[in-house]
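Structure record follows, encoded as structure tokens.
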Amino acid sequence: MKKPSSKIREEIARLQDQLRQAETREAERIGRIALKAGVGDIEIDEPELQAAFEAVAARFRGGKGNATGKREAGESRTGSDPSATLAPGATASGTSEA
């Protein structure tokens with residue numbers, strides 16, 4: 001028997017809430033790590049910082065470390081080693097979206 005649409009909507013709402021909670025926990029964790037590494041004290045444009053984080057993420061995923069930012073993040077980067085743009089252990093900005 002198929003689920004009624006109201007049950008499906010309830011399940012979607014429950015899953016969206018779980019997703020928001022998980023994203024908040026992850027953002028807070030990464031934010032704490034970034035602050036400990038001193039990323040909060042760096043004056044840098046958000047697209048450039050995002051590109052640096054993407055490079056770090058790619059490095060740990062086994063990629064080449066190239067930025068794939070959506071907002072022209074690659075234009076402001078230099079040709080230097082992507083891991084050199086952040087303090088050791090930094091993986092995200094200190095902000096979190098709730």
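Bear in mind that the values in this text are calculations on the coordinates, not laboratory data. These numbers come from a predicted model, not from an experiment. Methodologically, a virtual Cβ is constructed for each residue, glycine included, from the backbone with ideal geometry; neighbour enumeration extends over all protein chains shown.
Points to keep in mind about this one:
- Exposure proxy ranking for 7, 2, 36, based on other Cβ atoms within 10 angstrom of each Cβ and starting from the fewest, stands as 2, 7, 36.
- Cleavage-rule hits, GluC sites (Glu not before Pro), the range 1-61, DSSP coil, Cβ neighbours within 10 Å at most 15: 43
- Note on residue 44 and residue 1: the extension gain reaches 10.0 nm, defined as 0.36 nm multiplied by sequence separation minus the Cα-Cα distance.
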